[in-house]
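Trainee: Below you'll find the structure I mean.
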């Protein structure tokens, strides 16, 4: 069973995708880096943010700011980081803690980015939970 995003409520919900969707080679994501990709989520191709934390774990979120529904990158695949390493929305300055995606400053403080489950297998970051 794979999981995907319920865009109306923001919760992670189950879906029945059986195909393997590779998002990126793991070695293309250095520790503590952000990357953009697109992936099928709930039947639509959606922009995602991949974050590889300093310990090597990978997380993913929709590339959508909860404040105004705009992309967080200032140019395709280019993200702003604060001096202390948080992800900053290029449009309104909302600031998101990494690796959890919680908004810690700005117009949507207290909200969080919508998580998309990913896992690492055979050297690839793949959509969905490990199965």
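The values are calculated or read from the model by the stated rules, or taken from the named source; none is laboratory data. Treat the numbers as computed from the prediction; the structure is a model and nothing was measured. Cβ coordinates were reconstructed from backbone atoms using ideal geometry, including for glycine residues, and neighbour counts include every protein chain displayed.
Trainee: In region 47-56, which residue that is in contact with a strand residue (DSSP E or B) (Cβ under 9 Å, 6 or more places away or on another chain) and either surrounded by fewer than 13 Cβ atoms within 10 Å (Cβ to Cβ) or part of a loop (DSSP other than H, G, I, E, B) (or both) is modelled with the lowest pLDDT?
Mentor: 56
Trainee: Select, from 71, 59, the only residue that is in contact (Cβ under 8 Å) with a residue 24 or more places away in the chain, under 12 Å from the mean Cα position of the chain (by Cα) and part of a strand (DSSP E or B).
Mentor: 59
Trainee: Moving on to the next point. Going through 104, 120 one at a time, which residue ends up being assigned to a strand (DSSP E or B) and free of Cβ contacts under 8 Å to residues at least 60 places away in the same chain?
Mentor: Unique residue meeting the criteria: 104.
Trainee: Answer yes or no as to whether residue 98 is in contact with a strand residue (DSSP E or B) (Cβ under 9 Å, 6 or more places away or on another chain), modelled with pLDDT of 95 or more and not in a strand (DSSP E or B).
Mentor: Spelling it out, residue 98 is indeed in contact with a strand residue (DSSP E or B) (Cβ under 9 Å, 6 or more places away or on another chain), modelled with pLDDT of 95 or more and not in a strand (DSSP E or B).
Trainee: While we're looking at this one, here's another question. State all residues of region 18-43 that are part of a strand (DSSP E or B) and touching a residue at least 12 places away in the same chain (Cβ under 8 Å); if no residue qualifies, say none.
Mentor: 22, 23, 24, 25, 33, 34, 35, 36, 37, 39, 40, 41 - these are the residues of region 18-43 that are part of a strand (DSSP E or B) and touching a residue at least 12 places away in the same chain (Cβ under 8 Å).
Trainee: Return yes or no: is residue 14 at pLDDT below 95, surrounded by 14 or more Cβ atoms within 10 Å (Cβ to Cβ) and assigned to a strand (DSSP E or B)?
Mentor: No.
Trainee: Next question. With free of Cβ contacts under 8 Å to residues at least 40 places away in the same chain, assigned to a loop (DSSP other than H, G, I, E, B) and surrounded by fewer than 17 Cβ atoms within 10 Å (Cβ to Cβ) as the only criterion, which of 85, 131, 93 stands out?
Mentor: Answer to the selection: 93.
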